[in-house]
1. Residues being more than 13 Å from the chain's Cα centre (by Cα) and surrounded by 15 or more Cβ atoms within 10 Å (Cβ to Cβ): count how many of those fall in the range 53-63.
2. Of everything in the range 68-84, what is in a helix (DSSP H, G or I) and either buried (at least 17 other Cβ atoms within 10 Å of the Cβ) or of a type in the set (Lys, Arg) (or both)? Give them in sequence order.
3. In the range 36-67, how many residues are of a type in the set (Val, Ile, Thr) and part of a loop (DSSP other than H, G, I, E, B)?
4. Of all the residues that make up the range 29-52, how many are surrounded by 10 or more Cβ atoms within 10 Å (Cβ to Cβ), within 16 Å of the chain's Cα centre (by Cα) and modelled with pLDDT under 90?
Amino acid sequence: MKRAVLILALGLGFLQAFSANVQTEIKQQKVAVDTLKKDGIDPICKMKVKAGNTKTVVFEKATYGFCSESCKKTFAANPKKYIK
């Protein structure tokens with residue numbers, strides 16, 4: 001009986017770990033990186049961002065530029081929160 005419970009617990013733990021990994025991969029596929037084509041505004045901190053900036057994220061066919069890697073990571077974690 002103890003062996004069956006142990007096997008079941010290990011199986012559930014593996015299943016949970018695998019499903020979290022799949023969700024992360026799906027989220028990463030929705031966000032791509034590009035070069036900013038024209039001047040813009042960082043959607044996180046509202047600072048000006050110049051054309052040519054490589055700290056960008058493409059989300060739903062729009063390219064967003066960022067002043068820092070921190071703002072970029074914040075946006076990439078939940079883009080819909082910062083889009084009007």
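1. Of the residues in that region, 3 qualify.
2. Within the range 68-84, CYS71, LYS72, LYS73, THR74, PHE75, ALA76, PRO79, LYS80, LYS81 qualify.
3. Matching residues across the range 36-67 total 2.
4. 5
The values are calculated or read from the model by the stated rules, or taken from the named source; none is laboratory data. Nothing here was measured: the structure is a model prediction, and the numbers come from that model. As a convention, Cβ positions derive from the backbone with ideal geometry for all residues, glycine included, and neighbour counts pool all protein chains shown.
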